[in-house]
Amino acid sequence: MSDLDAALTAWLPRQRWYGGKGTPVRSVVVEHEERLPGPVDVRHTLLRVTDEAGGAELYQLLLGYSDAELEPRLKPGEVGLVKGQHVFDAVHDPDTTGVLLELLAQGRSLSRLVFTGSADLHTGLPARVMGAEQSNTSIVYGDEYILKMFRRVQPGLNPDLEVSRALAQAGSPHVAAPVGWLEGTVDGQTTTLAMMQVFARNATDGWAMATASVRDLFAEADLHADEVGGDFAAESERLGAATAEVHALMARSLATAVAGPDESVDTAKQLHARLDAALEVVPELAAHAGALRTAYDQVAQLTGDVPVQRVHGDYHLGQVLRTQDGWLLLDFEGEPARPLAERTALMSPLRDVAGMLRSYDYAARHLLAERGGDGQLAYRATEWAERNRSAFCDGYAAAAGTDPRDDAVLLRAFELDKAVYEVVYEARNRPTWLPIPVGSIERLAAPVISEGDDR
Amino acid sequence: MTGPDHGFEHGELVSLEEPRDPLWFKRAVFYEVLIRGFADSDGDGTGDIKGLTSKLDYLQWLGVDCVWLLPIYESPLRDGGYDISDFMKVLPEFGDLGDFVQLVDEAHKRGMRIIADLVMNHSSDQHPWFQASRSDPGGPYGDYYVWSDTDEPYSEARIIFVDTETSNWTWDPVRKQYFWHRFFSHQPDLNYENPAVQEAMIDVLKFWLDMGIDGFRLDAVPYLFEEAGHNGENHPKTHDYLKRVRKEVDELYPDRVMLCEANQWPEDVVEYFGEDGDECQMAFHFPLMPRLFMAVRRESRYPISEILANTPAIPGNCQWGIFLRNHDELTLEMVTDDERDYMYAEYAKDPRMKSNVGIARRLAPLLENSRDQIELFTGLLLSLPGSPVLYYGDEIGMGDNIYLGDRDGVRTPMQWNADRNAGFSTADPQQLYLPALLDPVYGYQAVNVEAQMRSSSSLLNWTRKMLAVRKQHPVFGMGSYEELGSSNPSVLAFVREFGDDKVLCVNNLSRFPQPVELDLRRFEGVVPVELTGLVHFPKVGELPYLLSLPGHGFMWFGLQPEEGTL
């Protein structure tokens, strides 16, 4: 192992975007490096990282090499001292990020890297790295562009770029248009390494908006969700409409298919399999297993065709931005932890609807988790969630022409599946939040009654 | 200033004559006065011009630059004086032309200006022009109004006062024809197709300009011309006529302002500025106001962000007038149906609070007398782009009387002190044009100018301080506006810039304390200085600038380069 490999082996697991949490790194090998033009010695670096469990992943870095001691602002990104040189994570270096923007604007090709950018890109913009992110590093240029560098690289065309590009070309006002991307060859495939989009100025995410509304509700515990000033239902309705429009445009611009009854049987099998896995991690789920399996079996019994298409795949309130013009949908990557083939698979758009409906439950109840139990507030939270879930579906139905609630069996099964996933996640990471998905499963798994009855 | 014997009683006397200042209205703070309700000099129970003149020292002390008067003309008063029966006479209850000239002179001596409402679109049916027109169709005034044998024409024009009117045409039994009226049926529209009417109205303007008036709010201007197939609003001929008026005014009377009252969307209103600012210099920004209330109730900046982002740029010599409340209802014409339902539900819980398409309430009761919110709203009014218009009495947090009906609830006597009739009049209380407020929270015993002048923490003294801060920074009136995004939807942050005068305003629209991280890299190295206390805040660096605001809190900072600060 080289000095650099050794330094990276120690440094990498401490990075927030490093995926192999908990499993020690066995080896780090620099698979490819290429020096970027410019005054600073910065090398685009692809690392193959193998962990003790035998898993291997590719990571992308921009490594700077400096003979001199690093400036204070680069110091936190220092990887280590290698052969007398200070090696550092150069995304925090404004000279380097400026060079990236230049290369995109010029549409330059280096030996294995290809930069593509729209003709009218502005360069020379000040850059800053956005706060903590799970699996990417994002650089904002001025208030015009946001460059997302994928830290963990999966060979092939990145679905976020693919879908955003298709939607922007089709004229959707609900996506941030891609204006540049970086590609390289990985494992023989042209692979997206970074993408740049128009930056949504003056925007905040749906989660912040929704929780501001819930906080307002909780301050008026004697008022109902439809009576308080912070009512969010109108926003939810517009979000539902935006979601439906994007789904329709994805269906028009990208692949679609129809899933017959056999495939519904397969879907039910997958749902059961995920429940099996979850039961091993959280045995307490067993109390609800019967109801869950009943709901899944109803999917297997579906006789009609189910339209399937490309979907968002990881849709929740944190993936949507409220701008001063309306809602934007972000990150069409699917769940980054899953394999690419699964992330681009055709699915029912009800998956996304279910994801957002679950997110409303979380927004309504997460403040409760912080406050401890309060029956009155819990009741109000349920009202808020129901009101906004309905408004989202109303907006979706009005724009799509079909009401997602009409597909009650599938929608419920997908929501339950999501909740089962959440149970596992919370059990591992945030046990105090466990009551949120468990409570949802209790409510959802009750026998189907038409939602229309209680509205 | 904490006592009535200090401060305004000995205001400095200055002259407005030199040097010329054609853009004064862009920096000015306006103050809307109801003469009837401000001060009664002769004890007849109704405020008058002399009464207002006697209070100019107070307005100068407060920091007002321009007083805006509602109609002062002779009128049968069936529509608050907007039904004018003689454009060149003062309503006798208010005084006479001599009183008016004295008011203007005294205001000018104090460095203040006077503008007044003038209704361009129509007159009262009691106006001699209308009486002549109906009785003598072939005479000189026969064509001064819009007459028709049927009530069919111009059917595209909407009915504005949907509560009271069923048609824009009313049958006149004398002339045996229908006359056209966009407002009440006792307010016939003048016929601007007739050149004599165009001349006559310009003569009216010149008459008052000769008296020294500094400008007009031209009431109901969008409706001057109508045409078959046209909705009767913003007709091109209306713009042509207003351009002509402006030209004639500018030639003879420098530094006067024409403010148009066009209760329309900003994209339509901007047409009243003309292509090069050659029409009206000012117009009210109507849709902003309900959205301020919506934003604070929703704890979200987006209602404000959206409307400002969709407000077109205006010529450099023009200005928006912005307000929180005025003599009319809080109008909800410029909102969607959903938003109107929302506003009624939130701000008009009692049906008596509704009026026409709006809410007839004053600022303090609308905000449930929350001092924090009143300050936040006033802070927004004074810092958002435009010239602020204060409504008389709101500076002391006056209340309203929703039982008076229509818009009278917000037109009760100004509360000067705790004496009889709130110090407004020496008349018998029963003789007052409207009763003074007596309720325990907003009544004049609790809320009045004299008491608030004595208390350094009063709303009145706070408002005066904020007007003084605003006056030190021309950027508030003149500067560009740029909203700064942040990930906290409850915080509205923006930067105003005018040359080296730069301010950052950060507003927490939520009732809860909120943090905000602002991208201020453009001002790296600058030390923000809080404008009310000149407190120096940490220097702006490369990282997001963190501020914490209390619930409904706001802060203004000067952003001068470090060497330039105190």
Exercise for the section: Go through segment B:271-284 and give me each residue that's buried (at least 21 other Cβ atoms within 10 Å of the Cβ) and either part of a loop (DSSP other than H, G, I, E, B) or touching a Pro at 6+ places or on another chain (Cβ under 7 Å) (or both). Expected result: B:Phe273, B:Glu279, B:Cys280, B:Gln281
Completion exercise
Of the residues in segment B:332-363, those that are acidic (Asp, Glu), free of Cβ contacts under 8 Å to residues at least 40 places away in the same chain and touching a helix residue (DSSP H, G or I) at 6+ places or on another chain (Cβ under 9 Å) come to B:Asp338
Practice task
Go through (1) assigned to a loop (DSSP other than H, G, I, E, B); (2) within 14 Å of chain A (Cβ to nearest Cβ) one by one and return the number of the condition B:Tyr481 breaks.
Solution key: (1)
Exercise for the section: Note down all Cβ pairs under 6 Å where the first residue falls in segment A:308-324 and is within 14 Å of chain B (Cβ to nearest Cβ), the second is part of a loop (DSSP other than H, G, I, E, B) and polar (S, T, N, Q), and they're at least six residues apart or on different chains. Expected result: A:Gln324/A:Asn202
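For segment B:101-116, enumerate the residues that are closer than 17 Å to B:Lys89 by Cβ and either surrounded by 24 or more Cβ atoms within 10 Å (Cβ to Cβ) or small (Gly, Ala, Ser) (or both).
Correct list: B:Leu103, B:Ala116.
The rows are residues; the columns are (1) within 15 Å of A:Asn136 (Cβ to Cβ); (2) free of Cβ contacts under 8 Å to residues at least 60 places away in the same chain; (3) in contact with a helix residue (DSSP H, G or I) (Cβ under 8 Å, 6 or more places away or on another chain).
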| residue | (1), (2), (3) |
| --- | --- |
| A:Leu147 | yes, yes, yes |
| A:Arg152 | yes, no, no |
| A:Gln169 | no, no, yes |
| A:Gln189 | no, yes, no |
| A:Val214 | no, no, yes |
| A:Glu220 | no, yes, no |
Exercise for the section: Keeping to segment A:192-205, report how many residues are part of a strand (DSSP E or B), surrounded by fewer than 22 Cβ atoms within 10 Å (Cβ to Cβ) and within 8 Å of another protein chain (Cβ to nearest Cβ). Expected result: 1
Completion exercise
Counting only residues in segment A:119-160 that are within 14 Å of chain B (Cβ to nearest Cβ) and among the hydrophobic types (A, V, I, L, M, F, W, C), the one nearest to A:Ala105 (Cα to Cα) is identified as A:Leu125
Completion exercise
Scanning segment A:419-432 residue by residue, those surrounded by fewer than 21 Cβ atoms within 10 Å (Cβ to Cβ) and either of a type in the set (A, V, I, L, M) or under 14 Å from A:Arg293 (Cα atoms) (or both) turn out to be A:Val424, A:Ala427
Practice task
Among the strands (runs of 3 or more DSSP E) lying completely within segment A:22-121, list those that include at least 3 residues that are more than 20 Å from A:Ala7 (Cα to Cα).
Solution key: A:113-117
Completion exercise
When restricted to B:Ser510, B:Ser487, B:Ser457, the only residue assigned by TED's automatic domain parsing to the domain that holds B:Arg371, in a loop (DSSP other than H, G, I, E, B) and either surrounded by fewer than 22 Cβ atoms within 10 Å (Cβ to Cβ) or among the small types (Gly, Ala, Ser) (or both) is B:Ser457
Problem - Restricting segment A:206-232 to residues that are within 7 Å of chain B (Cβ to nearest Cβ) and either basic (Lys, Arg) or within 16 Å of A:His316 (Cβ to Cβ) (or both), the residue that is nearest to the chain's Cα centre (by Cα) - result: A:Ala208
Exercise for the section: Give me the pairs, please: first residue somewhere in segment B:50-71 and without any contact (Cβ under 8 Å) to a residue 60 or more places away in the chain and part of a strand (DSSP E or B), second residue anywhere and crowded, with 22+ Cβ neighbours inside 10 Å and of a type in the set (Phe, Trp, Tyr), beta-carbon distance under 7 Å, and either six or more positions apart or on two chains. Expected result: B:Val67/B:Tyr31
Problem - Test: B:Val535 is farther than 24 Å from A:Gly206 by Cβ and crowded, with 20+ Cβ neighbours inside 10 Å - result: no
Completion exercise
Taking segment B:1-41 and the residues there that are in a loop (DSSP other than H, G, I, E, B) and charged (D, E, K, R), the one that is modelled with the highest pLDDT would be B:Asp40
Fill in the blank from the handout: Contact list, first residue from segment B:125-147 and of a type in the set (Gly, Ala, Ser), second anywhere and part of a strand (DSSP E or B), beta-carbon distance below 9 Å, six or more apart or interchain, is B:Ser133/B:Tyr145; B:Ser133/B:Trp147; B:Ser133/B:Phe179
Handout entry: Set B:Val516, B:Val526, B:Val535, B:Val506: member being over 30 Å from A:Phe218 (Cα atoms) and touching a residue at least 24 places away in the same chain (Cβ under 8 Å)
Key = B:Val526
Handout entry: Test: B:Asp219 is buried (at least 19 other Cβ atoms within 10 Å of the Cβ) and modelled with pLDDT of 95 or more
Key = no
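Here is a yes/no grid of residues against (1) under 16 Å from the mean Cα position of the chain (by Cα); (2) over 24 Å from B:Asn401 (Cβ atoms); (3) within 14 Å of chain A (Cβ to nearest Cβ):
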position	(1), (2), (3)
B:Pro290	yes, no, yes
B:Ala313	no, yes, no
B:Gln319	yes, yes, no
B:Arg325	yes, no, no
B:Glu329	yes, no, no
B:Val335	no, yes, yes
Exercise for the section: Could you pull out the residue among A:Glu34, A:Glu52, A:Glu102, A:Glu57 that is surrounded by 15 or more Cβ atoms within 10 Å (Cβ to Cβ), farther than 15 Å from A:Arg152 by Cα and either outside the structural domain of A:Thr9 (by TED's automatic domain parsing) or touching a strand residue (DSSP E or B) at 6+ places or on another chain (Cβ under 7 Å) (or both)? Expected result: A:Glu102
Handout entry: Residue match in segment B:489-499 (condition: more than 14 Å from chain A (Cβ to nearest Cβ), within 30 Å of B:Pro22 (Cβ to Cβ) and hydrophobic (A, V, I, L, M, F, W, C))
Key = yes
Practice task
Could you figure out which of (1) away from chain B (no Cβ under 14 Å); (2) closer than 19 Å to A:Val214 by Cβ; (3) touching a residue at least 24 places away in the same chain (Cβ under 8 Å) isn't true of A:Gly375?
Solution key: (3)
Practice task
Starting from segment A:409-434, keep only residues that are more than 16 Å from A:His272 (Cα to Cα), then list their pairs with residues that are among the small types (Gly, Ala, Ser) whose Cβ atoms are within a distance under 7 Å, requiring at least 6 positions of separation or different chains.
Solution key: A:Thr432/A:Ala369; A:Trp433/A:Ala369; A:Leu434/A:Ala427
Completion exercise
Expected single match for touching a helix residue (DSSP H, G or I) at 6+ places or on another chain (Cβ under 9 Å) and within 26 Å of B:Glu32 (Cα to Cα) among B:Leu460, B:Leu504 is B:Leu460
Exercise for the section: Say whether the condition of being polar (S, T, N, Q) and within 30 Å of A:Val198 (Cβ to Cβ) is met by at least one residue in segment A:364-376. Expected result: no
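Only one residue in A:Leu74, A:Leu103, A:Leu157 is free of Cβ contacts under 8 Å to residues at least 60 places away in the same chain and within 30 Å of A:Ser253 (Cα to Cα), so which one is that?
Every option except A:Leu157 fails the conditions.
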Handout entry: Subset of segment B:381-398 [closer than 14 Å to B:Arg496 by Cα and part of a loop (DSSP other than H, G, I, E, B)]
Key = B:Leu384, B:Pro385, B:Gly386
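The values are calculated or read from the model by the stated rules, or taken from the named source; none is laboratory data. Treat the numbers as computed from the prediction; the structure is a model and nothing was measured. All Cβ positions, even for glycine, are placed from backbone atoms using ideal geometry, and neighbour counts span all protein chains on display.
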